[in-house]
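Novice: Have a look at the structure that comes next, please.
The values are calculated or read from the model by the stated rules, or taken from the named source; none is laboratory data. This structure is a prediction, so every number in the text was calculated from the model and none was measured. Just the protein is used for accessible areas: all its heavy atoms, side chains included, with ligands, DNA and RNA removed. Shrake-Rupley method; radii C 1.70, N 1.55, O 1.52, S 1.80 Å.
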Amino acid sequence: MHKKMALALCLCPQVIFSACELGVFDLLLKSQEAMSAQHVAQELGTSVDGMERLLDALVGIEILEVERAEGT
């Protein structure tokens, strides 16, 4: 197994746990519409950089999907 794949498999539960603990899924479900990482961070009181990383990881493990607004 490649090192990158092994690392990803080890981090998956931690990424999901972090998102659950922060309330990411509850917020997105309640919103019913796409939200920027900045908006999610603001609503949950986290750093934008950290939230971007967390959301990118969730997209990478195919739990979330990216939706782009027009012009972005």
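Novice: Please give the solvent-accessible surface of S36 in Å², to the nearest 10, using a probe radius of 1.4 Å with every protein chain present.
Specialist: My reading of the accessible area for S36 is about 60 Å².
Novice: Still on this structure, please answer the following. Determine the order of M51, M35 by accessible area, beginning with the largest, at a probe radius of 1.4 Å.
Specialist: Details: M51 0, M35 40 Å².
From most exposed to least exposed: M35, M51.
Novice: Mind running the shape call on segment 16-72? Use the C-alpha gyration tensor, a ≥ b ≥ c as the square roots of the eigenvalues: rounded below 1.5 for a/c, prolate if a/b tops b/c, oblate otherwise. Working shown, then result.
Specialist: Details: a/c = 1.34, a/b = 1.22, b/c = 1.10.
Note, shape of segment 16-72 comes out rounded.
Novice: Could you order R53, R68 by accessible surface area, starting with the largest, using a probe radius of 1.4 Å?
Specialist: Numbers: R53 160, R68 185 Å².
Most to least solvent-accessible, the answer reads R68, R53.
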